[in-house]
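Here's the structure, in structure tokens; my notes come after.
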Amino acid sequence: MSVNMRFGPYGGRYVPETVIGALDELTEAYERYRDDPDFLSELGVLLSHYVGRPTPLYRAQRLERAWGIDDGLWFKREDLCHTGAHKINNALGQVLLARRMGKQRIIAETGAGQHGVATATAAALVGLGCRVYMGRTDMQRQRLNVIRMRMLGAEVHPVDSGSGTLKDATSEAIRDWVTNVDTTHYIIGSAVGPAPYPEIVADLQSIIGIESRAQMLDETGRLPGTVIACVGGGSNAIGIFRGFLDDADVALVGVEAGGEGPAGRHGASLALGRPGVLHGSYSYLLQDPDGQVAEAHSVSAGLDYPGVGPEHSHLHDIGRVSYVNATDEAALSAFLECSRMEGLIPALETSHALAHVRDAAASLRGGGPVLVCLSGRGDKDVDQAGAALGIDASA
Amino acid sequence: MPESGAARLQRVFREADHPLFVPYVMGGYPDIDASRRHAQILAEHADIIELGIPFSDPLADGPTIQAAGQAALDGGTRPMDVLDIAGDLRDGPPVVVMTYFNTVIAQGAAAFLGTAAEKGVAGIIIPDLPVDEADEVREAAGRAGVALIALAAPTTDDARMAEIGASAEGFVYLVAVTGVTGGEMTMDDRLRALVDRARRHIPVPVVVGFGVRTPDQAVQIGELADGVVIASEIIRRIGDAPDAEAADAAVNDFGAGVAEALKPYSG
């Protein structure tokens, strides 16, 4: 089966000529291995015995009552994946692919550090060298993940350009790839970048949607009325949405970073950006009138990105998915409510999806069960969220 | 009907008795006036001027050009300022602008290229627009009379070289190293074979850049190719100069040195 290069007008391969050959090679490898029994069985064994799939579907009854979600609030527990987020689904698949392609070295970019940790983990598992690019700002706010990556044997390379966040780390990873393309596989962490990456990442993450659709039917006998996920680049969102795209009655909602609110800085590419090219694909983008890419802002490093995956742009244009946003403040309060009422400390990224459930509860009520992709756990965020919420370890 | 950009570029290659010297100036670095002055100084020595429009996320550029572009943006440089510099150079050697695709489409490719043409720009290099994504822009460029300059790289295979050659206009920019700008090229058998291969598949002149730093390297490239681009090295010399006057002098000395080295023996 051939790999999607475009989603409507979005996507494409807007990259330096030097890496076109590698993108062709990756496309061919993925077309060859995506249905290959050996590849699928190796990945399948790792997903079940190493990652812990299928991840459970959990009914969050206390939040459901507090927020008035009458038809049930369900969490797809990607936070229980090994390494603490859905990112490992993609990292493992791509590492297995890299090994089959004969690459000796893995590079990745990371914002919150979850993709960096997942990639460092997968690289350690198969014995490949790994370098992770991370903005200096993000290294400070996601310090624990920096330490984890280094413990796993990865080299974490600080990026000082721009605002020292995910956009800058991604640019630097692409430059490394342009330079070392013969030996190196670049594992992009979200459903962004030049084709075939958005399709590969979405495909590897679609297990979230496939599992949760079957689990919802098992547990409730019906499909969810609404599926909600946070969107930075959009990999957990596209992963869960892919399970429901053909179910016309299931509403799909992506929650972007509202940051400081509409008047301030934010990361709401779909709501407030316009199409342009960043990191190799044509998609909605925060930019100025000259096409200079704007600096995004979010309390969560993983949503602090001015672009979004091309498939989301297409789903936005055709109206299949509604894209909304939640502010830093709303996400932080949802973070605390989920921690205190469910005993689940969610990632700050995921907290944006939860904030939307709470703040849109009136319109969700009576619309069928609500399914949230609980994309990651918040251990990595305790320093930052604690500081913001006034919680510390003082005696 | 004015001569098209592609025709002007062709004429420069045809009439030259030496490999062409193509120095790069980042528009707006260290400031707009200085970059205009540097371009005017280089115009005295160059056969073609490559004029960079700064972009926030230059994927094909190494640290030197990245930093220069960021400084230009921090100083408030806008694409129109750089196109105005091109306009000021219209009586000199042809100007080829270099920028990233998002700059071109932000105001619409046709509008951007139309303005570039009005300013006398002969060609445009868009390093993140590979040949298979370029049809629409090529058409708009053709209508505006601006040559879309394609790039080829060491990782470009023969079939793709031929594809690039088939639609090439003006010249093809051959990237000497697998990497970003500002590295260091070495003249070895691999590079010789690359240039050979490019010339076999590409019917228009081939200009080599990325990592060329010295007049000697320019001469070595010139023995194989139709021209040589020098970019990061010029920016480095501007950055190293203690003041504006010294920067002007450094640009002039370097430009004169490379131009002299590329000239044929007249004795």
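The values are calculated or read from the model by the stated rules, or taken from the named source; none is laboratory data. Remember, it's a predicted structure, so these values are computed and weren't measured experimentally. All Cβ positions, glycine included, derive from the backbone under ideal geometry; neighbour counts span all protein chains shown.
Give, as residue ranges, the helices (runs of 4 or more DSSP H) completely inside region A:1-114 that count at least 2 residues that are touching a residue at least 60 places away in the same chain (Cβ under 8 Å) and more than 24 Å from the chain's Cα centre (by Cα). If you could, list the steps in order and put the result at the bottom.
Values: elements: A:20-33, A:37-46, A:61-67, A:87-100.
It comes to A:20-33, A:61-67.
Just to be sure I understand, how many residues within region B:112-157 are farther than 23 Å from B:His201 by Cβ and within 12 Å of chain A (Cβ to nearest Cβ)?
2
Within the set of pairs 6+ apart or on separate chains, which have a first residue in region A:184-198 that is closer than 12 Å to A:Ile238 by Cβ, a second that is part of a strand (DSSP E or B) and of a type outside the set (Asp, Glu), and C-beta atoms under 7 Å apart?
The qualifying pairs are A:Val192/A:Ser281; A:Val192/A:Gly307; A:Pro198/A:Gly11; A:Pro198/A:Ser281.
Find the residue count for region A:345-384, including only residues that are in a loop (DSSP other than H, G, I, E, B) and either in contact with a strand residue (DSSP E or B) (Cβ under 9 Å, 6 or more places away or on another chain) or of a type in the set (A, V, I, L, M, F, W, C) (or both). Let's see the steps before the verdict.
Of region A:345-384, the ones in a loop (DSSP other than H, G, I, E, B) are A:345, A:347, A:360, A:365-369, A:375, A:378.
From what's left, either in contact with a strand residue (DSSP E or B) (Cβ under 9 Å, 6 or more places away or on another chain) or of a type in the set (A, V, I, L, M, F, W, C) (or both): A:345, A:347, A:360, A:367-369, A:375, A:378.
Adding up the residues that qualify gives 8.
Mind listing whichever residues of region B:209-262 are within 17 Å of B:Ala34 (Cβ to Cβ), part of a loop (DSSP other than H, G, I, E, B) and under 13 Å from the mean Cα position of the chain (by Cα)?
Answer for region B:209-262, where residues must be within 17 Å of B:Ala34 (Cβ to Cβ), part of a loop (DSSP other than H, G, I, E, B) and under 13 Å from the mean Cα position of the chain (by Cα): just B:Ala231.
Please specify each residue of region B:46-58 satisfying the condition of being farther than 17 Å from B:Ile149 by Cα and in contact with a Leu (Cβ under 9 Å, 6 or more places away or on another chain).
Within region B:46-58, the first condition is being farther than 17 Å from B:Ile149 by Cα, and the residues that meet it are B:46, B:54-58.
B:Ala46, B:Pro54, B:Phe55, B:Ser56, B:Asp57 - these are the residues of region B:46-58 that are farther than 17 Å from B:Ile149 by Cα and in contact with a Leu (Cβ under 9 Å, 6 or more places away or on another chain).
From the list B:Ser35, B:Ser56, pick out the single residue that is modelled with pLDDT of 95 or more, more than 14 Å from chain A (Cβ to nearest Cβ) and crowded, with 24+ Cβ neighbours inside 10 Å. Walk me through it before giving the result.
Numbers: B:Ser56 fails: more than 14 Å from chain A (Cβ to nearest Cβ).
Only one candidate qualifies: B:Ser35.
Restricting attention to region A:6-24, which residues are more than 10 Å from every other protein chain (Cβ to nearest Cβ) and under 13 Å from A:Pro194 (Cα atoms)?
Selection gives A:Arg6, A:Phe7, A:Tyr10, A:Gly11.
Quick one: is B:Thr103 part of a loop (DSSP other than H, G, I, E, B), touching a residue at least 40 places away in the same chain (Cβ under 8 Å), facing another protein chain (nearest Cβ under 10 Å) and farther than 23 Å from B:Gly227 by Cα?
On the way: part of a loop (DSSP other than H, G, I, E, B): no; touching a residue at least 40 places away in the same chain (Cβ under 8 Å): yes; facing another protein chain (nearest Cβ under 10 Å): yes; farther than 23 Å from B:Gly227 by Cα: yes.
Here the answer is no, as B:Thr103 does not meet what is asked.
With region B:120-208 as the region, which helices (runs of 4 or more DSSP H) entirely inside it contain at least 2 residues that are without any contact (Cβ under 8 Å) to a residue 60 or more places away in the chain and closer than 25 Å to B:Gly222 by Cβ?
Values: elements: B:135-144, B:158-167, B:189-201.
Answer list for region B:120-208: B:158-167, B:189-201.
Does B:Leu73 satisfy the criteria of being within 8 Å of another protein chain (Cβ to nearest Cβ), crowded, with 24+ Cβ neighbours inside 10 Å and of a type in the set (A, V, I, L, M, F, W, C)?
Judged against the criteria, B:Leu73 is not a match.
Could you grab me the full set of residues in region B:158-175 that are of a type outside the set (Lys, Arg), over 14 Å from B:Leu9 (Cβ atoms) and either within 11 Å of chain A (Cβ to nearest Cβ) or over 19 Å from the mean Cα position of the chain (by Cα) (or both)?
B:Asp158, B:Ala159, B:Met161, B:Ala162, B:Glu163, B:Ile164, B:Ala166, B:Leu174, B:Val175
Filtering region B:78-100 down to residues that are in a loop (DSSP other than H, G, I, E, B) and over 18 Å from B:Glu169 (Cβ atoms), which residue is nearest to the other protein chains (Cβ to nearest Cβ)?
Here is the first cut: in region B:78-100, the residues in a loop (DSSP other than H, G, I, E, B) are B:78, B:89-94, B:99-100.
Retained after the next criterion (residues that are over 18 Å from B:Glu169 (Cβ atoms)): B:78, B:89-92, B:100.
Working: B:Arg78: 6, B:Leu89: 21, B:Arg90: 23, B:Asp91: 27, B:Gly92: 26, B:Tyr100: 8 Å.
For region B:78-100, the residue satisfying everything is B:Arg78.
Could you check B:Val204 against (1) closer than 25 Å to A:Glu25 by Cα; (2) out of contact with any helix residue (DSSP H, G or I) (no Cβ under 7 Å at 6 or more places or on another chain); (3) among the β-branched types (Val, Ile, Thr) and say which number it fails?
(1)
For the condition under 25 Å from B:Phe210 (Cα atoms), assigned to a helix (DSSP H, G or I) and touching a residue at least 12 places away in the same chain (Cβ under 8 Å), what is the one hit in B:Gln70, B:Gln66? Outline the logic, then answer.
Numbers: B:Gln66 fails: touching a residue at least 12 places away in the same chain (Cβ under 8 Å).
Among B:Gln70, B:Gln66, only B:Gln70 is under 25 Å from B:Phe210 (Cα atoms), assigned to a helix (DSSP H, G or I) and touching a residue at least 12 places away in the same chain (Cβ under 8 Å).
Out of the residues in region A:176-213 that are over 24 Å from A:Arg77 (Cβ atoms) and in contact with a Gly (Cβ under 7 Å, 6 or more places away or on another chain), state the one that is nearest to the other protein chains (Cβ to nearest Cβ).
A:Thr179
Conditions tested, residue by residue: (1) surrounded by fewer than 21 Cβ atoms within 10 Å (Cβ to Cβ); (2) more than 15 Å from the chain's Cα centre (by Cα).
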position: B:Val82; (1), (2): no, no
position: B:Val97; (1), (2): no, no
position: B:Asn102; (1), (2): no, yes
position: B:Ala111; (1), (2): yes, yes
position: B:Gly120; (1), (2): yes, yes
position: B:Ile125; (1), (2): no, no
position: B:Glu136; (1), (2): yes, yes
position: B:Gly142; (1), (2): yes, yes
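What single numbered condition from (1) surrounded by fewer than 22 Cβ atoms within 10 Å (Cβ to Cβ); (2) under 19 Å from the mean Cα position of the chain (by Cα); (3) closer than 17 Å to A:Gly232 by Cα fails to hold for A:Ile345?
Checking A:Ile345 against (1) surrounded by fewer than 22 Cβ atoms within 10 Å (Cβ to Cβ); (2) under 19 Å from the mean Cα position of the chain (by Cα); (3) closer than 17 Å to A:Gly232 by Cα, the one that fails is (3).
Going through region A:351-395 one residue at a time, which ones are modelled with pLDDT of 95 or more, loosely packed, with under 14 Cβ neighbours inside 10 Å and farther than 16 Å from A:Val250 by Cα?
A:Ala362
Out of the residues in region B:156-185 that are of a type in the set (Asp, Glu) and closer than 25 Å to B:Ala122 by Cα, which is surrounded by the most Cβ atoms within 10 Å (Cβ to Cβ)? Please lay out each step first, then the result.
Kept after step one, since they are of a type in the set (Asp, Glu), are these residues of region B:156-185: B:157-158, B:163, B:169, B:184.
Checking the rest, the ones that are also closer than 25 Å to B:Ala122 by Cα come to B:163, B:169.
Working: B:Glu163: 17, B:Glu169: 21.
Only one residue fits best here, namely B:Glu169.
Which ones in region A:293-336 are buried (at least 22 other Cβ atoms within 10 Å of the Cβ) and within 14 Å of another protein chain (Cβ to nearest Cβ)?
Of everything in region A:293-336, those that are buried (at least 22 other Cβ atoms within 10 Å of the Cβ) and within 14 Å of another protein chain (Cβ to nearest Cβ) turn out to be A:Val293, A:Ala296, A:Tyr305, A:Pro306, A:Gly307, A:Pro310.
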